[in-house]
Amino acid sequence: MTSNKKSREEFSRDVYEAFQAIGVTSNMIHRRRHDHLLRETVAMTGDRLLGYPVSTFIVGSQVEGSTTIGMRSDLDFVFRQDNVQVVLKLGTWQTGKVNLLAFKDETTPPQFYKLCRLQPTPHGRQEYRRDPVHETDVVDEQGRVLVCNTKFDNDIKRVCEALGEGEVVKHGPSRSWSDNFDCVTAFLCHDLPEECEFLFTRSRPGHWPKSETLEYARRCPVFFIPQGHPHSPLNKRNLQWRLSTSLTERKLMFDFTEEQMLVFILLKMLKKEYCKLKFGDNFSTFHIKTAMMFCIESHPPDIWRIYNIVECATYCINTLIQWAQNNVCPHFTMGGVNLFDGKLSEPDIRELETFLINLNENITEYISELKMDSFGVKVLQKIHDKESNIEHQTEILEDITLRVRGTQCDAVQHICSQLSKMDVNKAVCCVSDHLTYLRKLQSEGSDLQREAADLLLPFLYGILASIKASCITTQQPVTQDIIDLFKPSFECDLMNGKLKYASMLYCRGQYDQAADMLNHCEGLIGPDVAHICGCRGRCYRYQPDTFLRKALNTSTVELWKTSFTSCVMFCKHELPCVPEHLQHEMYRTQTQKDRNKRNKSHKWMDLVVIECEPFLFFLQYLVYRQKGNLSRKKSAMSHLVDFIKNAKWLCDNAKGHMDTALHMLAHCWELEDRPDMAWKFYQGSINIYPTNNIAWGHLIRLFRKYFL
């Protein structure tokens, strides 16, 4: 008995070391959590600036940190409609919002409600609405207008058509354009439903969840999501909405210790590898998560240790076996809910019970044969390779940094697109208001809100400075207040704001100052600098190992400022600060064919967007041409040629903004009076991007000028 126990403990240590080897460390779990929460906060901050009535939450394994590279977990979003409020009783009313009443009747199972529309009366009371508002609304026998849970299906279908993504991907309540994302649209419940009091009122040992966690959890929003009970008749199922406590569950997951997280991840790996074919998604990660929470609550805290990982996994499996024997899987945060209901039939539960008993009796063998992440091999061979650990962690960071940058890029593009639709005076006022809001977040917001403001503020300073500089005629000097506005934009990343400033100086004929700034930027390019583009449809990343290793011990915001370049963007009102040849990039969509091929999310196509490095060399060429410095001009053009030739960041068909880089090189050849070479590079651009490409216009111009 003693030797078996010792063997199990040694095996647990090998499991722990295997987790370290695949990058599942305490540091990386917290980094996943922080950066996904930062991404969530950047998205919500951007939506607030744009006035969009939606709040975006990231839930599930990515933000929990409960995943591995081999697990290939998707990203789970909840989009809360902020212009809608669900109440549980008449009398709770919020003006300026769509008000819905949640109620139950004899046809609604536990955890499910129906939602009916309310409307105010002239005397300030509320009553049931009698006329449908949405095409999917249904009027019941009492004349009330019920909101159907298929309400968003046509909306997401139109989004998929606009994005050119084909059919809607459905997973439970999720409606998405890709298998890589689960997107659920939700309504906020104004009050805490009675069944959700279960978490706070039932008796428990007391060590977990902690009292402060419960206090926070009580403040977490509760959602109604569009999903009916699978066993309800279709006409009734479509009228049912499910309660979701996903943010409460997320908070509880954040309270797991490292050892508890490793037990949970181990159980997820076993489930995904051995249960997927047997039970599909009907026996889900959520069942395991629930078992983990009840186990942590009911077992003493001192058992969750590195040497006890495998033993603790068996405790959770035993809990699941007991539930299978009783045909009931309780919900951790809601009372009266059976999580097996609607998921597993009686024969399925018996088969699950048999499998779990076998798994429990032979758990070390099952772990040893795990193919995911080569985990079983790493456990048996006791691979404790520090270098392997770092490689896996950097691979995780490589993905996370691109995702955060993509969200930041989306926010800036949407703001630029919105500004382009305004007159210049309104645009200045709008950006000024955005800056005021972000500065307030910096001083009064949460830690994450301050970080989000730090990521967005420099871009907006650059936009405002560039617009104001564009409003001054070339005969007037750039005022000190505009220069002072440019300076905070230098914190966008390593070069972005500085290049905007240099571009403005060039366009105003201040060539010496422009040359100084460009030389400074050239000195910033080093082997540990990452180049990332978050533009949809053009996303790419070049992140050298030296950058990724630095990223392991550097915060995301600091990393952006010291070791990172992204695309430079100009909106319509900034065009006087853009070299004339590049201004054409804003008009790449010319024909109906272009419009048909264009994705609705590609808002950057209406902006001037350029990667930092080729933009640097192009500006140097233009500046030194004006200064008459032939050797520096030739050197700049040579660097631009080398950039295009090497294109080290091109991978997986993600070509970034190579078209714009080629157009800059082609224009250099035009200025060298070599139309043949210019033609070659414009044609090369079209070979990469046949549509939505201003190169067609340049070819027509060249043909008229030189060949007619």
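The values are calculated or read from the model by the stated rules, or taken from the named source; none is laboratory data. Owing to the predicted nature of the structure, the values given are computational and were not obtained by experimental measurement. Every residue, glycine among them, receives a Cβ derived from its backbone with ideal geometry; neighbour counts consider all protein chains shown. What goes into the accessible areas is simple: the full protein's heavy atoms, side chains included, and nothing from ligands, DNA or RNA. Shrake-Rupley method; radii C 1.70, N 1.55, O 1.52, S 1.80 Å.
Tell me whether segment 77-84 contains one or more residues that are under 28 Å from Leu380 (Cα atoms) and basic (Lys, Arg). For segment 77-84, residues under 28 Å from Leu380 (Cα atoms) and basic (Lys, Arg): absent. Within segment 284-336, the only residue that satisfies the criterion of being small (Gly, Ala, Ser), assigned to a loop (DSSP other than H, G, I, E, B) and under 30 Å from the mean Cα position of the chain (by Cα) is Ser284. The single condition among (1) in contact with a Lys or Arg (Cβ under 8 Å, 6 or more places away or on another chain); (2) of a type outside the set (Lys, Arg); (3) not in a strand (DSSP E or B) that Phe223 does not satisfy is (3).
Screening segment 132-148 for residues that are among the aliphatic types (A, V, I, L, M) and open to solvent by 30 Å² or more (accessible area, probe 1.4 Å) and picking the one that is modelled with the lowest pLDDT gives Val133. Of the listed requirements (1) modelled with pLDDT under 90; (2) open to solvent by 50 Å² or more (accessible area, probe 1.4 Å); (3) assigned to a loop (DSSP other than H, G, I, E, B), Lys151 misses just one: (2). Annotation: Phe187 fulfils all but one of (1) open to solvent by 30 Å² or more (accessible area, probe 1.4 Å); (2) touching a residue at least 24 places away in the same chain (Cβ under 8 Å); the unmet one is (1). Checking each residue in segment 341-362 for being out of contact with any Leu (no Cβ under 8 Å at 6 or more places or on another chain), farther than 30 Å from Gly228 by Cβ and buried (at least 17 other Cβ atoms within 10 Å of the Cβ) picks out only Asn360.
The single condition from (1) touching a Ser or Thr at 6+ places or on another chain (Cβ under 8 Å); (2) assigned to a helix (DSSP H, G or I); (3) among the hydrophobic types (A, V, I, L, M, F, W, C) that Val557 fails is (1). Filtering segment 311-357 to residues that are closer than 21 Å to Pro109 by Cβ and hydroxyl-bearing (Ser, Thr, Tyr) leaves Thr333, Ser345.
Take Ser203 and decide whether it is modelled with pLDDT under 90, polar (S, T, N, Q) and within 28 Å of Leu75 (Cβ to Cβ). Answer is no for this residue. Only one entry of Gln683, Gln626 meets the criterion of being farther than 30 Å from Gln408 by Cα, in contact with a helix residue (DSSP H, G or I) (Cβ under 6 Å, 6 or more places away or on another chain) and surrounded by fewer than 17 Cβ atoms within 10 Å (Cβ to Cβ), and that entry is Gln626.
For first residues located in segment 15-29 and more than 15 Å from Leu267 (Cα to Cα), partners that are open to solvent by less than 10 Å² (accessible area, probe 1.4 Å) and outside any helix (DSSP H, G or I) and lie 6+ apart or on another chain with Cβ distances below 6 Å form the pairs Ile22/Thr68; Ile29/Gly65.
For Pro122, the conditions (1) more than 17 Å from Val145 (Cβ to Cβ); (2) open to solvent by 20 Å² or more (accessible area, probe 1.4 Å); (3) in contact (Cβ under 8 Å) with a residue 12 or more places away in the chain all hold with the exception of (3).
Those residues that are touching a residue at least 12 places away in the same chain (Cβ under 8 Å), open to solvent by 10 Å² or more (accessible area, probe 1.4 Å) and basic (Lys, Arg), I need them from segment 398-423; list them, please. Listed by number, the list holds a single entry, Arg403. The condition of being buried (at least 19 other Cβ atoms within 10 Å of the Cβ) and either basic (Lys, Arg) or under 30 Å from Asn596 (Cα atoms) (or both) holds for only one of Leu665, Leu640, that being Leu665. Could you say whether any residue in segment 580-595 is open to solvent by 20 Å² or more (accessible area, probe 1.4 Å), of a type in the set (Asp, Glu) and either more than 25 Å from Lys500 (Cβ to Cβ) or modelled with pLDDT of 90 or more (or both)? The answer is yes; a qualifying residue exists. With a requirement of 1 or more residues that are surrounded by fewer than 17 Cβ atoms within 10 Å (Cβ to Cβ) and not aromatic (Phe, Trp, Tyr), the helices (runs of 4 or more DSSP H) lying completely within segment 434-551 that satisfy it span 447-470, 480-489, 511-524, 545-551. Here Ala313, Ala291 are screened, and the one residue that is within 15 Å of Arg8 (Cβ to Cβ), modelled with pLDDT of 95 or more and crowded, with 21+ Cβ neighbours inside 10 Å is Ala313.
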